[in-house]
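Notes follow once the structure below has been shown.
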Amino acid sequence: LRQQMMNNHLGMTQQKRTLLQSCSPGQFAYADDQLEHGVFFHYLIEAFKGQGDSNRDGQLHHAELTDHLLKKVQRHVQSRFGANQFVSARIDGNSPLPLLQLATGPTWLPQDCSPDDDSMLITLKERGQSERYYDTLVMNPTVPDPDGGMNRVPLLDIDDKPLRWTFQLVPMLNVNMPRTFYMLRDKVTKGDWEAYEQHHLKKLDQKAHQKRLRSSGDSKSPAFYVTGNEALMFCRDVWRGSDDETGHLPTPRQWDAAYGRDFDALKAKQLGYTNWLGRQSQQAGWAVGAASFQRVDRTPNPDVSPFGIRDLGSNGLEYTRMDADWQRLIPHQSEHRQMVMRGWSFENPNPLTSLFWRSLQMPDNFVFPPHDVDRPRHDVGFRVVLSRDL
């Protein structure tokens, strides 16, 4: 990999060259079926897509590329194959130019996700660094092959077509918000869950499964009668990122941020988010009909957060992944395990609006009572979060 520039003042040509070999002498360069090509090539592509930009300046420098490959390739091969693969790298030259200009791409793009046709690239100042994210991503979820091995199989809908999910960006607009993450726009549907059950029925809760068989609703209805443990397992199975990242249930703080609990419309406008709707906290049309539920893909859906996430204030409660002591991630070793809840049941006559939430003037654990991790309910659903840290 080489680039050069002319110094007009000195009449000198400056060059820099990086020589890379996928492994060191006496070692093998491994291929991983799960990556569909060589480990070295995978992380080389990843670096060029922006994840090698360690200082987040929108440029990929020679040293950043070699550091990224040295760390990621060895870590992956050691974890997957119990072997060593040390990338061999040498940098020669004196050019100050970066190897590649990356400012047009995202600094983090979750594996197996891609922007949709209308996605916009958003630039944020986060933890002292400049970060770039697409505001909307799409993904075709996959799960581990039930027959074993490292292969993954796609989840298919009732027409045997791959499921397609939409994730919305929830940005870190201030220091009180969690680090930027993506949340599934709609609750996991009954159709999504049934596709998952086809592959993993044996390891699911059989009593809950029988209740789901007797439940009403079509494939676009929220997936109810799912236990908290099942929801946790589902989220981990449907997305596997790099560095052992997995999908998760949202934490309470992530759910609150996605809902727009502390949404600052002025701050969002200053940062350029004029296209994102501020939550109209007195809009009466958020709640669905009492004692009923609706499809998650209804258009128009009046219950939309400032970040485009739907059905957070109605159409069912939702699991989060902190326990009722607000201290530990589920699952954990405890005789009495409970899930912290968010959302609002369709059986409540009033919607959960920002104004209503504030007017209650009660701690969150009173507004959202905890729920047993192993007990399915007819009005509790969930959704998936993609994030880089807990």
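Can you name every residue in the range 113-137 that is crowded, with 16+ Cβ neighbours inside 10 Å and either touching a helix residue (DSSP H, G or I) at 6+ places or on another chain (Cβ under 9 Å) or at pLDDT 85 or above (or both)?
Those that are crowded, with 16+ Cβ neighbours inside 10 Å and either touching a helix residue (DSSP H, G or I) at 6+ places or on another chain (Cβ under 9 Å) or at pLDDT 85 or above (or both): CYS113, PRO115, GLU131, ARG132, TYR133, TYR134, ASP135, THR136, LEU137.
Just a yes or no: is a residue in the range 320-336 within 29 Å of GLY217 (Cα to Cα), modelled with pLDDT of 80 or more, assigned to a loop (DSSP other than H, G, I, E, B) and of a type outside the set (Phe, Trp, Tyr)?
Taking every residue of the range 320-336 in turn, none turns out to be within 29 Å of GLY217 (Cα to Cα), modelled with pLDDT of 80 or more, assigned to a loop (DSSP other than H, G, I, E, B) and of a type outside the set (Phe, Trp, Tyr).
Only one residue in VAL153, VAL143, VAL138 is of a type in the set (A, V, I, L, M, F, W, C), assigned to a strand (DSSP E or B) and in contact (Cβ under 8 Å) with a residue 60 or more places away in the chain. Which one?
None of the other options fit; the residue is VAL143.
I'm trying to understand the selection: among the residues of the range 75-110, which are surrounded by fewer than 18 Cβ atoms within 10 Å (Cβ to Cβ), within 19 Å of ILE45 (Cα to Cα) and out of contact with any strand residue (DSSP E or B) (no Cβ under 8 Å at 6 or more places or on another chain)?
Within the range 75-110, ARG75, PHE86 qualify.
Out of all the residues in the range 19-61, which are under 17 Å from GLN78 (Cβ atoms), in a strand (DSSP E or B) and not small (Gly, Ala, Ser)?
ASP32
Within the range 185-202, is even one residue out of contact with any strand residue (DSSP E or B) (no Cβ under 9 Å at 6 or more places or on another chain) and among the basic types (Lys, Arg)?
Within the range 185-202, one or more residues are out of contact with any strand residue (DSSP E or B) (no Cβ under 9 Å at 6 or more places or on another chain) and among the basic types (Lys, Arg).
Would you please list the contacts, defined by Cβ atoms under 6 Å and residues six or more apart or on different chains, that run from a residue in the range 198-212 that is at pLDDT 95 or above to a residue that is surrounded by 13 or more Cβ atoms within 10 Å (Cβ to Cβ) and part of a helix (DSSP H, G or I)?
none
Evaluate the range 188-200: report whether one residue or more is within 30 Å of GLN101 (Cβ to Cβ) and surrounded by 13 or more Cβ atoms within 10 Å (Cβ to Cβ).
So far as the range 188-200 goes, no, none of its residues is within 30 Å of GLN101 (Cβ to Cβ) and surrounded by 13 or more Cβ atoms within 10 Å (Cβ to Cβ).
Have a look at LEU124, LEU156 and point out the one that is closer than 19 Å to PHE234 by Cβ and among the hydrophobic types (A, V, I, L, M, F, W, C).
LEU156
Right, GLU46: surrounded by 15 or more Cβ atoms within 10 Å (Cβ to Cβ), closer than 18 Å to LEU97 by Cβ and among the charged types (D, E, K, R) or not?
no
What are the residues in the range 158-169 that are over 21 Å from ARG240 (Cβ atoms) and either modelled with pLDDT of 90 or more or touching a Ser or Thr at 6+ places or on another chain (Cβ under 9 Å) (or both), if any?
Answer for the range 158-169, where residues must be over 21 Å from ARG240 (Cβ atoms) and either modelled with pLDDT of 90 or more or touching a Ser or Thr at 6+ places or on another chain (Cβ under 9 Å) (or both): ILE158, LYS161.
Assess whether LEU155 counts as being surrounded by 18 or more Cβ atoms within 10 Å (Cβ to Cβ) and within 27 Å of ASP192 (Cβ to Cβ).
yes
Would you confirm whether or not the range 172-181 contains a residue that is of a type in the set (A, V, I, L, M) and either at pLDDT 95 or above or not in a loop (DSSP other than H, G, I, E, B) (or both)? Let's see the steps before the verdict.
Initially, the range 172-181 is screened for residues of a type in the set (A, V, I, L, M), giving 172-173, 175, 177.
Then keep just the ones that are either at pLDDT 95 or above or not in a loop (DSSP other than H, G, I, E, B) (or both); that gives none.
No, the range 172-181 contains no residue that is of a type in the set (A, V, I, L, M) and either at pLDDT 95 or above or not in a loop (DSSP other than H, G, I, E, B) (or both).
Restricting attention to the range 187-229, and to residues there that are in contact with a His (Cβ under 9 Å, 6 or more places away or on another chain) and part of a helix (DSSP H, G or I), which single residue is nearest to GLY308 (Cα to Cα)?
The selected residue is GLY228.
Within the range 358-390, can you find the residues that are of a type in the set (Phe, Trp, Tyr) and assigned to a loop (DSSP other than H, G, I, E, B)?
PHE368, PHE382
Note down all Cβ pairs under 8 Å where the first residue falls in the range 251-263 and is over 13 Å from GLY343 (Cβ atoms) and among the aromatic types (Phe, Trp, Tyr), the second is assigned to a loop (DSSP other than H, G, I, E, B) and at pLDDT below 85, and they're at least six residues apart or on different chains.
PHE263/LEU173; PHE263/GLY278; PHE263/ARG279; PHE263/PRO306
Would you confirm, using the coordinates I've provided, whether THR227 is β-branched (Val, Ile, Thr) and modelled with pLDDT of 90 or more?
Answer is yes for this residue.
Considering only residues that are over 25 Å from the mean Cα position of the chain (by Cα), over 15 Å from THR320 (Cα atoms) and not aliphatic (A, V, I, L, M), look in the range 354-390 and name the one that is surrounded by the most Cβ atoms within 10 Å (Cβ to Cβ).
For the range 354-390, the residue satisfying everything is TRP357.
The values are calculated or read from the model by the stated rules, or taken from the named source; none is laboratory data. Quick caveat: nothing in here was measured; it's all calculated off a predicted structure. Neighbour counts run over all protein chains shown; Cβ positions are idealised from the backbone, glycine included.
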